[in-house]
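For reference, the structure is listed below as structure tokens.
Read the figures in this text as sums done on the coordinates, not as results from a lab. Just so you know, these numbers come straight off a predicted model, no measurement behind them. Cβ sites come from the backbone with ideal geometry, for glycine too, and all protein chains shown count toward neighbours.
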Amino acid sequence: MHLKGKYHITVIAIIAAIAVAVSVLHASAYLRSESQNKNLIAVVEVNTPIIYTSTRDFYTSLMQYALQNVSIKAVVLKLDSPGGSVSAIQDVYLQLLKLKAEKPVVTSILAGALSGGYYIAVVADYIYALPMSLVGSIGVIAIKPTQPYPSEKIVETGPYKYTGLSELDFYELVNQALQDFINTIKVHRGSKLKVPETELMKSAIYTGLQARAMGLVDEIGNLDDAIKKAAQLAEVEGYQVVFLNKEVKQTPTTWYTSQTQAIKCLEDLANMSTPPSLYYLYLPSLKPKPITEVEVIKQEAFQAAKSPSKSIAFDVGHQNAYASSDIELLIKEICSRGRSISFVKNLVDVSLEKYNAIVIISPTKPYTQEERKAIRNYLEQGGKLLLIYDPEKAAPNAINTIATDFQITFATGYLYNLENNDKNYRNIYITSLDQNNTITQGVDKLILYTATAIYTTKGAIAMAQNTWLTTANVKSNYPVIVARQGVVAISDQTFLKEPYAHQADNMKLIHNIAKYLTS
């Protein structure tokens, strides 16, 4: 962002903060003059995302006033919010805790209390929801920083100056935010909660009726019910209802319109965020997921020092979704065994028999009948084929045009495990490995990062046990590495690169793959 733009936003934020202070003072004077010696039940309407400081300050100021005004005996939160940034949500939450310590707080969920909206709702002494209110989406959205290439023109003083933390530490940061959310729910709902943590970790959305059965809300009811409950908890009979938002001249509606009108999906949020950034926010992705840009790899790259008789062919002719950095370690292992690397764009016009093995990684363009025939003939003559597919990079359609020729099919969707994972539900442990196979020999434990299942009738040599497949919504044991008919298929490519290659026995797997390709 340009300096001028940042200055403009800063000025707006200062003006907004002043407006909040003046408006709340106005409300304070109004309520003192109009509500002397009256018992008040205050309704605070939280009906926007809470992303910006101006919106956060508006809501916390209302709660501060409700706490300080002796005429206000209880507060009702009228909630219709998808959440917001983690820091803003936690700030509002902590202010509500102070309010709750002095006065009863009751929540009335209207259209929805999603993600951070529910984080706020759960503070209340009692929670109402409509039968079809939307409740849940418990979890975190995090924007990960990207490590820039080093520059001689810009000098920084440490390896994490640009990113703040390593890629692996980022998973820990996100996991801490998730655990904070879960623990907050457990603290406030206590024995009322009827479902295990793993159900909450799904980030699913429930109706008010479902949320009531799960113990996420206390009762089905509307705003009037919530107001009566608040009065009951405050032990007042004659009372007046005051809507604090309406007593303030400047509400966050204008800020919401001007500041968040461009944030309609995850892609917009990523574009406006400064990573690392964390959100307790429900914001669906409305745009189709873009395929990762393919880095064109020059054929002369990574040549071995010697001139071996056969090289390893890497397919780059099918808009393959991988970069050179993804395969550096594998290439290093291959070249250390006296083989060279060739990047091949056309599998028909070249003599495949001159290659020791063919490697196909996450293609996005289907294989033609001629290419499939050429590869089948190559394997019949004793060739080797390595298929690597990553569901984060591409759809499985293209790679399955070649994989199915060998009774191998990569599944749509991805595998996850909410109970046993490496800091994130998609980072799954693989401990069921065939020690008699060259590929998995000596490998006791793998960590795969957004892998999928591989369907096959035989040849599974690594299984993800007790995991879920998103598309099937079934918990089972799924193959993630298959070896059959001269073909090795692996359903993740992230494990190949730094720093993920050094987790568990991932590097041993890379070593075995290189040994297999070059033998």
(request) Report the dimensions of the stretch 325-467 along its three principal axes from the alpha-carbon atoms, largest first, rounded to Å. (result) 49, 34, 30
(request) Over the alpha-carbon set of the stretch 319-394, divide Rg by the Kirkwood Rh and report the Rg/Rh ratio to two decimals. (result) 0.95
(request) Provide the FRET efficiency to the nearest 0.05 for the Thr198-Arg372 pair, computing r from the beta carbons and using R0 = 51 Å. (result) 0.75
(message) Modelling each spin label as a point 7 Å along the Cα-to-Cβ direction, I'd like the Asn397/Asn466 distance in nm, to one decimal.
(response) 3.7
(message) How long are the semi-axes of the equivalent ellipsoid of the chain, taking √(5λ) for every eigenvalue λ of the Cα gyration tensor, in whole Å from largest down?
(response) 56, 25, 18
(request) For a quick protection proxy, order the peptides 352-362, 440-450, 134-144 by their average other-Cβ count within 10 Å, most packed first. (result) 134-144, 352-362, 440-450
(request) Starting from the Cα of Lys202, draw a straight line to each of the aspartates and glutamates and keep only those under 13 Å, dropping any in the same chain fewer than 8 residues away. (result) Glu419
(message) Assuming 0.36 nm per residue, please report the length gained on full extension of the stretch Ala323 to Asn271 beyond their Cα-Cα distance.
(response) 16.5 nm
(request) Hey, can you grab everything whose amide H is under 5 Å from the amide H of Ile50? Only 5+ residues off in sequence or another chain; H modelled, so Pro and N-termini drop out. (result) Gly83, Gly84, Ser85
(request) Just tell me, in residue order, which DSSP H segments of the chain are both 27 angstrom or longer along the helix axis (alpha-carbon based) and at least 0.5 in mean Kyte-Doolittle hydropathy. (result) 3-34
(message) Quick check on the chain: of the DSSP beta bridges with both residues there, what percent are antiparallel, nearest 5%?
(response) 40
(request) Would you please report the Å³ per residue occupied by the convex hull of the alpha carbon atoms in the stretch 88-129? (result) 53
(message) Please report the spacing between the Cα centers of the stretch 468-490 and the stretch 157-228 in Å, no decimals.
(response) 31
(request) Could you calculate the contour length gain from Lys246 to Thr412, that is, 0.36 nm times the residue separation minus the distance between their Cα atoms, to one decimal place in nm? (result) 54.8 nm
(message) Please report the antiparallel percentage of the DSSP beta bridges confined to the stretch 311-518, to the nearest 5.
(response) 60
(message) With just the Cα atoms defining each centre, how far is the stretch 411-453 from the stretch 101-120? Give it in Å.
(response) 39
(request) With a point put 7 Å past each Cα toward its Cβ, work out how far Ser519 is from Lys38 in nm, to one decimal. (result) 8.5
(message) For a 27 Å ceiling on Cα separation, which of these pairs sit above it: Lys194/Lys264; Lys98/Lys264; Lys332/Lys354; Lys393/Lys508; Lys194/Lys246; Lys38/Lys246?
(response) Lys194/Lys264; Lys98/Lys264; Lys194/Lys246
(request) For Ile182 paired with Glu419, estimate the spin-label separation in nm (one decimal), with each label point 7 Å from Cα along the Cα-to-Cβ line. (result) 1.2
(request) Please turn the phi angles of the stretch 71-83 into ³J(HN,Hα) values with the Karplus equation 6.51 cos²θ - 1.76 cosθ + 1.60 (θ = phi - 60°), one per residue in order, whole Hz, x for glycine and proline. (result) 6, 7, 9, 7, 10, 10, 8, 9, 9, 8, 9, x, x
(message) Show me the ranking of peptides 77-85, 102-110, 312-320, 330-338 by mean Cβ neighbours inside 10 Å, starting with the highest.
(response) 77-85, 102-110, 312-320, 330-338
